[in-house]
Amino acid sequence: MKDYDAIVIGGGPAGISASRVFGKASPRINVALIRPEPHSMIYCVMPYVIQNTVSLEKTFKLDSLVTDNGVELIRDKVNKVDFVTREVWTEKGRYRFQKLLIATGANPALPLLPGIELPGVMTFKNEPDLVQLLEQVDNVKRAVVVGAGAIGVELAQALNVRGIKVHLVDIQDHILPSLVDRDMAMEAQELLASRGIKLRLNNRVVSLNGEDKVEKVILADGEDIGCDEGDRLLVIFSVGMKADISMFAGTELSLGRNGILVNARMETNIPGVYAAGDCAEYKSALTGHIIDGKLATNAVPMGKIAALNILGGKREYPGFYNGGATKVYNLRLGGTGFTEKLAAANGFDPVAGYGETTTRFPMIPGTGKLRVKLVVDRSTRRLIGGQVVGSEAVAERIDLLTFAMQTGSVVDQLEMLAYSAQPYQTFLPANNAIVMAAGGIMGHLGLWPNK
Ligand SMILES: Cc1cc2nc3c(=O)[nH]c(=O)nc-3n(C[C@H](O)[C@H](O)[C@H](O)COP(=O)(O)OP(=O)(O)OC[C@H]3O[C@@H](n4cnc5c(N)ncnc54)[C@H](O)[C@@H]3O)c2cc1C
């Protein structure tokens, strides 16, 4: 049996990010990363493969991202971890570890509904899902996408571009409910509807009917979505992720509702055993309470912190802000922190403000709209969320707002934000949408213009 200083289980963003840190360790330590799939994948780009914008192969990550860091890559599946003997049991062998990083990710959740097992009902996470969907898109006329989060919305557009009639179902009253509030989602919803995507909001799937394949989807309001005689129906669930931790059930490892429990150093309850990424459960940086944060942009820093601590560091992860972005045709939408609705649900007394400018100087060709919504906690005046919708890149503004939250900024500071201006890249020097939104909140709070 081979001995390692550290073993990483999982080759996703958390495992790869940890490998990058191990590659810089001095002195070098002996690390193996175990993952079963032939290639790690860039999941974020999968909808664009369905859309025919990107080839399947372009989603594959190079193994050298791991091996160039001096980390041994073992293509195998772990079946069991013995935390007493400190051994990992795989399908093909057994390995001993000093330290262990569990980065097994998460799998799509499938609700327990009548007919859920029927052929034609799918989820969308990995290469087999993508290949299966690619094989079917040309033979399908109608699809139901369940869940209007970023993945569901991107997938619905991709299927629509491929000429499929798409119904997008969500239990919430608007699309992208974790990213933006309803008022910021309306333009995107209108755009989806104008392209023929049927939005079924405030609704949910109650059953799936069919003999040897799914033929009908029944919604809570009584509507049934079926296909014409001889056609095939595709139903794709994109309703959240469940941590891939079933092999640890009944072991000494402490598990939460949707992930392995870790402290700020990404340590589990077992000394020398760490967990990072989608398989771990962690807290909001804004409230300190557990929230969902299954994003690659959270998995990467978690994997980095875990690896630094495995190497003897004392680094801590502050928690999730959940900054993210998506695209609805040519419209970009992004959000960070809490939406106004989720802020209230998380115990804040939120105050919101809006700013609107153009994306470039108004007279410059290609200019479009840019809308910002800020959410501030009334009592502390701290920024607790931000949303941006516009015709050009919004992610940088989202990152700026996340940084403002990371550094504890209050609305007064955002109202005095020092910004840049250039005809092709921003609105006129006279104003900035973030400053306008912050000014609006200062007004609501009776703090502007003359206090
Ligand atoms: C379609 C799609 C689009 C997305 N878009 C975005 C986006 O735009 N932005 C964003 O930030 N996030 C996005 N995400 C989420 C992001 O991909 C995940 O949060 C991220 O992949 C989590 O990384 P991870 O390393 O924790 O887990 P994963 O990437 O899930 O990797 C888990 C690894 O563990 C391995 N593993 C599991 N069990 C075992 C076992 N028993 N033995 C050995 N290995 C095992 C797996 O094979 C895999 O290699 C998207 C996800 C999907 C599905």
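Over 32 Å between Cα atoms, which of Lys242/Lys369; Lys216/Lys373; Lys58/Lys314; Lys24/Lys77 qualify?
Lys242/Lys369; Lys216/Lys373; Lys58/Lys314
Mind grabbing the base-10 log of I(q)/I(0) for the stretch 185-317 at q = 0.09, 0.11, 0.18, 0.21 Å⁻¹? Debye formula, identical points on the C-alpha positions, no solvent, two decimal places.
-0.48, -0.64, -0.97, -1.16
For the chain, compute Rh as the Kirkwood radius over C-alpha pairs and then the Stokes-Einstein diffusion coefficient at 25 °C and 0.890 mPa s; write the answer in µm²/s, rounded to an integer.
It comes out at roughly 104 µm²/s.
Expressed in nm², what is the orientationally averaged projection area of the convex hull enclosing the Cα positions of the stretch 375-451?
Values: hull surface 21.3 nm².
Across all orientations, the stretch 375-451 yields a mean hull projection of 5.3 nm².
Looking at the chain only, what percent of DSSP beta bridges run antiparallel? Nearest 5 please. Don't skip to the end; give the middle numbers.
Details: 51 of 88 bridges.
Looking only at bridges with both residues in the chain, the antiparallel portion is about 60 percent.
Work out how far the C-alpha atoms of the stretch 58-154 reach from end to end along every principal axis, then list the three figures in whole Å, largest first.
The principal-axis extents, from largest down, are 52, 34, 26 Å.
Take the Cα atoms of the stretch 303-438, find their three principal axes, and give me the spread along each one in whole Å, biggest first.
55, 35, 30
What list do you get for Cys279, Cys44 if you sort them by fewest beta carbons within 10 Å?
Lowest count first: Cys44, Cys279.
Calculate one ³J(HN,Hα) per residue across the stretch 112-118 by plugging θ = phi - 60° into the Karplus curve 6.51 cos²θ - 1.76 cosθ + 1.60, and present them in order as whole Hz with x for glycine and proline.
My calculation for the stretch 112-118 gives 7, 10, x, x, 5, 8, 5 Hz in order.
Mind listing the long-range amide H neighbours of Met41? Cut-off is under 5 Å, sequence gap 5 or more, other chains count too, H placed in the peptide plane at 1.01 Å from N.
Amide H to amide H, under 5 Å and 5 or more residues apart or across chains, Met41 pairs with Lys61.
Would you mind calculating the relative contact order of the chain from Cα pairs under 8 angstrom and at least 6 residues apart, reporting the percent as a whole number?
Numbers: 1044 pairs, mean separation 60.8, N = 451.
RCO, the chain: 13 percent.
May I ask what percent, to the nearest 5, of DSSP beta bridges between residues of the stretch 25-155 are antiparallel?
65 percent
Taking Cα atoms of the stretch 86-134, Rg/Rh with Kirkwood Rh, to two decimals?
Working: Rg = 16.7 Å, Rh = 14.4 Å.
Answer for the stretch 86-134: 1.16.
How much length would be gained if the chain were fully extended between Lys77 and Met1, taking 0.36 nm per residue of separation minus their Cα-Cα distance, in nm to one decimal?
25.7 nm
Tell me, what ³J(HN,Hα) does each residue in the stretch 378-386 have, in order and in whole Hz, if you take phi through Karplus 6.51 cos²θ - 1.76 cosθ + 1.60 with θ = phi - 60° and put x for Gly and Pro?
Whole-Hz 3J(HN,Hα) from phi for the stretch 378-386: 4, 6, 9, 6, 6, 5, 10, x, x.
Order by neighbour count: His444, His289, fewest other Cβ atoms within 10 Å first, most last.
Working: His444 15, His289 10.
Ranking His444, His289 by Cβ neighbours within 10 Å, fewest first, gives His289, His444.
Enumerate the calculated ³J(HN,Hα) couplings along the stretch 319-325 in order (Karplus 6.51 cos²θ - 1.76 cosθ + 1.60, θ = phi - 60°), each rounded to whole Hz, writing x wherever the residue is Gly or Pro.
Ordered by residue, 3J(HN,Hα) equals x, 8, 9, 6, x, x, 8 Hz.
Specify which residue in the list Ile260, Leu113, Thr402 is farthest towards the positive end of the charge dipole of the chain, using unit charges on the beta carbon of Lys, Arg (+1) and Asp, Glu (-1), about the Cα centre.
Among Ile260, Leu113, Thr402, the one farthest towards the positive end of the dipole of the chain is Thr402.
Kindly provide the chymotrypsin sites (Phe, Trp or Tyr not before Pro) of the stretch 404-451 that DSSP labels as loop, not H, G, I, E or B, and whose Cβ sees at most 12 other Cβ atoms within 10 Å.
The qualifying sites are Tyr424.
Order these by the 10 Å Cβ neighbour count, fewest first: Glu392, Glu415.
Ranked by crowding around the Cβ, least crowded first: Glu392, Glu415.
In Å, what Rg and Dmax follow from the Cα atoms of the stretch 148-221?
12.9, 42
Magnitude of the Cβ-charge dipole of the stretch 263-338, K/R +1 and D/E -1, about the Cα centre, nearest 20 debye?
Rounded to the nearest 20 debye, it is 240 debye.
Work out how much length Leu112 to Ala395 would gain on full extension: take 0.36 nm times their residue separation and subtract the Cα-Cα distance, in nm to one decimal.
Details: separation 283, 0.36 × 283 = 101.88 nm, distance 3.56 nm.
Separation in residues times 0.36 nm, less the Cα-Cα distance, equals 98.3 nm.
Among Asn203, Ile434, Val166, whose Cα sits farthest toward the positive end of the charge dipole of the chain (+1 at Cβ of Lys/Arg, -1 at Cβ of Asp/Glu, about the Cα centre)?
About the Cα centre, the residue reaching furthest to the positive side is Ile434.
What whole-number distance in Å separates the alpha-carbon centres of the stretch 44-60 and the stretch 91-115?
25 Å
Taking a virtual spin label 7 Å from the Cα of Ala344 along the C-beta vector, which residues in the stretch 151-181 bring their backbone nitrogen under 17 Å of it?
Once the point is set 7 Å along Cα→Cβ of Ala344, 172-175, 177-181 turn out to lie under 17 Å by backbone N, inside the stretch 151-181.
Taking the Cα centre of the chain as origin, work out the dipole magnitude from +1 charges on Lys and Arg Cβ and -1 charges on Asp and Glu Cβ, in debye rounded to 20.
With Lys and Arg at +1 and Asp and Glu at -1, about 1080 debye.
Test of understanding: what is the full-extension gain from Glu57 to Ser246, defined as 0.36 nm times their sequence separation minus their Cα-Cα distance?
The span from Glu57 to Ser246 would gain 65.0 nm if fully extended.
Could you compute the FRET efficiency for Leu191 and Tyr354, with r as their C-beta to C-beta distance and R0 at 25 Å, rounded to 0.05?
The computed FRET efficiency comes out at 0.80.
Each reported figure results from applying straightforward, stated rules to the coordinates on display, with no laboratory input. Note that the structure is predicted; figures quoted are calculated from it, not measured. Cβ: placed from backbone, ideal geometry, glycine included. Neighbour counts: every protein chain shown.
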